[in-house]
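These notes are about the structure you will find just below.
The values are calculated or read from the model by the stated rules, or taken from the named source; none is laboratory data. Everything quoted here is computed from the prediction, not taken from an experiment. Note that each Cβ is placed from the backbone with ideal geometry, even for glycine, and that neighbours are counted across all protein chains shown. Please note that ligands, DNA and RNA were not included when accessible areas were found on the heavy atoms of the full protein model with its side chains. Shrake-Rupley method; radii C 1.70, N 1.55, O 1.52, S 1.80 Å.
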Amino acid sequence: MLTLGGIGMALASFNLTWLSFALPELRELWSLDPVQLSFSPIAAALGGIIGSAAAGHLADRSGRRGVFQISIVVSACAALLSAIAPNYGFFVLAQVGLGAGVNGMTPAATALVTEMAPAPVRGRMTALLQSSWVFGTVLASAAAFVLIPLVGWRWGMATGGLALLYVWVIRRYMPESVRHLESRGRLAEASALRERLERRWDVSIPLPIVEATPAVPFGARARLGELWSPVYRHRTGMLWALWFVQVFFYRGVWTWLPTLLVLAGHSAAAARLALLVISLAQLPATVASAFLIDRVGRKRLLVGGLAVSSGAAFAFGLVATDPILILVFGALMGALTLSTNAASLAYTPELYPTRVRATGVGMASSFGRIAAVISPAAISALLVVAGGSLVPVFAMFAAALAAGAVVVGVGGEETAGRSLEEISR
């Protein structure tokens, strides 16, 4: 489940990361100013708001496996449409579909892995799922570094359409979540699937009978209402604030970083190389966090990582013109923020019961995408006000990360080592 879900997440990351490398090329191709450039990441964020919320609801209602497949198809088709865009307006519209497809994978994939993993290593498994996202970022960075000078950004972005081939693999090999089947009252299917998995892998899967979905219709409004019920409202508020901060930083920095470095005086080739080096630093960091999260705990890892990455972000703004120091502080900033992203991806689905788990992840992700709409606009505004200086931009990001550390430190609870049923009670 981890491998199948991880490959899908890597393909999603690959498609979305190409937007970062396309922006400097689009700036030259269509003579765009910073405000116009921001339309593309804003469109992807708007698509993400819709895709995350819809995928979470559908995954809880109809199943995780089907939503995962649909999300792959949407993101791959949007990548192909982006590659053939005849003008900037068409490209911006394609980003809406790209954002919807890419962000629709998160609720389905995290719910699948969370519900199949044993409690002692559940955090590790879900954090490793996030490391596959980093692998996709690294792959896209390497591909952009090689392909853009050779064949241009269009052919590079078109490679995202190859993800359509992966849908056949998912249909053939990925099972539905046993916990989801039980929660929907499909006990015969759940029992048969469990027996089939146990025979195939020669393991025992001691899954408890989870809480059943109420007999009355349990639609999107009821699921959203449960997230804000007295039992879960404190958790929901904390998680939405956490995702808002992380998406504000991640989509703002990593979508805009090549463009920001060009504005700071670096060449486009040097900016692509810098992002590749920074992306390479993220991969071992997320893997390390996956093996620490069940020992250190989710809350401690989140608070510490957000606090230190806040300092690294502020330092990056101060040294943005130095070609060596941007690699040092950029690698530190990227490693820490991706580690905390992995921790939050493990943390979020654990805090809700099975019947609303994917909805909880989807709505947190959807709310976070509001920050992805605000972040590009805030960056472009600060660049205009500060005359192109990156110091105010990264000071803003540092403040956001520090606020996230405070929110989790005050409002978070520890879930390491506890069963999903114990946490949801």
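Heavy atoms only, probe 1.4 Å: what % of the accessible area of region 383-425 goes to carbon and sulfur, would you let me know? Write out the running numbers ahead of the final one.
Working: 1170 of 1790 Å².
Carbon and sulfur: 66 percent of the exposed surface of region 383-425.
Rank these residues by their accessible area, most exposed first, probe 1.4 Å: Trp30, Trp153, Trp228.
Values: Trp30 65, Trp153 20, Trp228 100 Å².
Listed by decreasing accessible area, they come as Trp228, Trp30, Trp153.
What FRET efficiency would be calculated for the residue pair Val169, Ala288, taking the C-beta separation as r and a Förster radius of 45 Å, to the nearest 0.05? Could you put the intermediate results ahead of the total?
On the way: r = 29 Å, r/R0 = 0.64.
Calculated transfer efficiency: 0.95.
Can you give me the accessible area per residue for region 128-198, using a 1.4 Å probe, in Å²? Can you show the working numbers first?
Numbers: 3310 Å² over 71 residues.
Value for region 128-198: 47 Å² per residue.
Please compute the alpha carbon radius of gyration of region 27-180, then divide it by the globular-protein estimate 2.2 N^0.38 Å. Two decimals is fine.
Working: Rg = 17.0 Å, N = 154, 2.2 N^0.38 = 14.9 Å.
Normalised by 2.2 N^0.38 Å, the Cα Rg of region 27-180 equals 1.14.
Would you calculate the volume per residue, in Å³, of the smallest convex hull containing every Cα atom of region 1-106? Let's see the in-between values first.
Details: hull volume 8.4 nm³, N = 106.
So the per-residue Cα hull volume is 79 Å³.
Quick one, what does Rg over Rh come out to for the chain if you take C-alpha atoms and the Kirkwood Rh? Spell out each step's value before the answer.
Values: Rg = 20.6 Å, Rh = 21.4 Å.
Taking Rh as the inverse mean 1/r over Cα pairs, Rg/Rh reads 0.97.
Compute the length gained on full extension between Arg154 and Ala222: take 0.36 nm times their separation in residues and subtract their Cα-Cα distance, giving the result in nm to one decimal.
Working: separation 68, 0.36 × 68 = 24.48 nm, distance 4.33 nm.
In short, 20.1 nm is gained.
Fully extended, how many nm does the chain gain between Ala403 and Ala270 (0.36 nm per residue separation, minus their Cα-Cα distance)? Please report the intermediate quantities before stating the final value.
On the way: separation 133, 0.36 × 133 = 47.88 nm, distance 3.21 nm.
Difference between extended and current length: 44.7 nm.
Using the beta-carbon distance between Val391 and Thr3 and R0 = 56 Å, what value does 1/(1 + (r/R0)^6) give for FRET efficiency, to the nearest 0.05?
Working: r = 43 Å, r/R0 = 0.76.
Using R0 = 56 Å, I get an efficiency of 0.85.
Once a ≥ b ≥ c are taken as the square roots of the eigenvalues of the Cα gyration tensor of region 42-90, is the result rounded (a/c under 1.5), prolate (a/b larger than b/c) or oblate (a/b not larger than b/c)? Display every interim value, and only then the final one.
On the way: a/c = 5.04, a/b = 1.92, b/c = 2.63.
In terms of gyration-tensor shape, oblate.
Roughly to the nearest percent, how much of the accessible area of region 251-349 is carbon and sulfur, given a 1.4 Å probe? Could you put the intermediate results ahead of the total?
Working: 2380 of 3220 Å².
Ligands and nucleic acids excluded, carbon and sulfur reach 74 percent.
Let me have the 222 nm mean residue ellipticity of the chain computed from DSSP H runs of 4+ only, each contributing -39500 (n - 2.57), with the sum over all residues rounded to the nearest 500. Let's see the in-between values first.
Values: 18 runs with 340 residues, N = 425.
Value at 222 nm, helices only, nearest 500: -27500 deg cm²/dmol.
Using the Cα gyration tensor of region 310-382, with a ≥ b ≥ c the square roots of its eigenvalues, what is the shape: rounded (a/c below 1.5), prolate (a/b larger than b/c) or oblate (neither)?
Details: a/c = 4.74, a/b = 1.87, b/c = 2.53.
Note, shape of region 310-382 comes out oblate.
Pop a pseudo-label 7 angstrom from the Cα along the beta-carbon direction at both Arg418 and Leu162 and give the gap in nm to one decimal.
Distance between the two pseudo-spin positions: 4.4 nm.
Distance between the C-alpha centers of region 140-177 and region 270-285? Whole Å please.
19
If you count, for each residue, the other Cβ atoms within 10 Å and average over each peptide, how do 108-117, 132-141 line up from highest to lowest?
Numbers: 108-117: 27.0, 132-141: 23.8.
For the peptides 108-117, 132-141, the packing ranking is 108-117, 132-141.
Ignoring ligands, DNA and RNA, what accessible area per residue does region 1-127 give at 1.4 Å, in Å²?
On the way: 3780 Å² over 127 residues.
Each residue of region 1-127 exposes 30 Å² on average to a 1.4 Å probe.
What is the distance, in nm, between label points placed 7 Å from the Cα along the Cα-to-Cβ direction at Ser229 and at Val203?
3.1
Tell me which DSSP H helices of the chain clear both cut-offs, 20 Å or more of axial length from alpha-carbon atoms and a mean Kyte-Doolittle hydropathy of at least 0.0.
On the way: long enough: 2-29 (40 Å, 0.93); 39-62 (33 Å, 0.82); 64-83 (29 Å, 1.32); 88-116 (43 Å, 1.00); 122-151 (43 Å, 1.24); 187-201 (21 Å, -0.89); 233-263 (43 Å, 0.71); 268-296 (41 Å, 1.50); 298-318 (30 Å, 0.97); 325-350 (38 Å, 1.18); 357-385 (42 Å, 1.36); 391-411 (30 Å, 2.20).
Helices meeting the span and hydropathy rule in the chain are 2-29, 39-62, 64-83, 88-116, 122-151, 233-263, 268-296, 298-318, 325-350, 357-385, 391-411.
Heavy atoms only, probe 1.4 Å: what % of the accessible area of region 80-233 goes to carbon and sulfur, would you let me know? Mind dumping the intermediate values first?
Numbers: 4880 of 7260 Å².
Here carbon and sulfur together make up 67 percent of the probe-accessible area.
Among Met396, Thr321, Ser75, whose Cα projects farthest towards the positive end of the dipole of the chain, with charges put on the beta-carbon of Lys, Arg (+1) and Asp, Glu (-1)?
Selected residue: Ser75.
With an 8 Å cut-off on Cα pairs and a minimum separation of 6 or more residues, tell me the relative contact order of the chain in percent.
On the way: 766 pairs, mean separation 112.3, N = 425.
Over the chain, the number comes to 26 percent.
If the chain between Leu32 and Val73 were fully stretched, how many nm would it gain, using 0.36 nm times the residue separation less the Cα-Cα distance? Write down the numbers at each step before the final one.
Working: separation 41, 0.36 × 41 = 14.76 nm, distance 3.00 nm.
Gain on stretching Leu32 to Val73: 11.8 nm.
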